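Only one structure is covered here, and it is reproduced in the block below.
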Amino acid sequence: MPDYRRNRVPGGTFFFTVNLLDRRSDLLVTQIGALRDAVRQVRARTPFRIDAWVVLPDHMHCLWTLPHGDGDFPGRLRAIKTAFRNPCRSANRAHRS
């Protein structure tokens, strides 16, 4: 695993890109409703401002600003991934049947 340096500036604005493991997949656009639900769930618990967000079939670019005194964007991203993963597993199983 790469040794990432994360600059956790409380109340900062963060840009990052998230890729699907399978870069041939179009899961992010075919399951956009599940992604939106996951983001809503996380923002309800741990608020942040979405300055920009571009969703492409296999990756997404995000620009977020966190509340004053809060620098934990990795925790929010991890929570979104977890919330998004569960509905997608069910959808993939149904699609294969």
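The values are calculated or read from the model by the stated rules, or taken from the named source; none is laboratory data. As the structure is a prediction and not an experimental result, all values here were calculated from the model. Neighbour counts are summed over all protein chains in view; Cβ atoms, including those assigned to glycine, are modelled from backbone coordinates with ideal geometry. Just the protein is used for accessible areas: all its heavy atoms, side chains included, with ligands, DNA and RNA removed. Shrake-Rupley method; radii C 1.70, N 1.55, O 1.52, S 1.80 Å.
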(Q) What are the ³J(HN,Hα) couplings of the range 33-47, residue after residue, when phi is run through the Karplus curve with 6.51, -1.76, 1.60 and θ = phi - 60°? Round to Hz, x for glycine and proline. (A) x, 5, 5, 4, 4, 4, 5, 4, 4, 5, 5, 5, 8, 9, x
Q.
Is there a quick way to get the dipole size of the range 4-65? I mean about its Cα centre, with the Cβ of Lys and Arg at +1 and of Asp and Glu at -1; what is the value in debye to the nearest 20?
A. 340
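By the scheme Lys and Arg +1, Asp and Glu -1, what is the net charge of all other residues having a beta-carbon under 11 Å from that of Arg76? Mind dumping the intermediate values first?
Values: positive: Arg43, Arg45, Arg78, Lys81; negative: Asp70, Asp72.
Residues close to Arg76 contribute a combined charge of +2.
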Q: Provide His68, His59 ordered by accessible surface of protein heavy atoms (probe 1.4 Å), highest first.
A: His68, His59
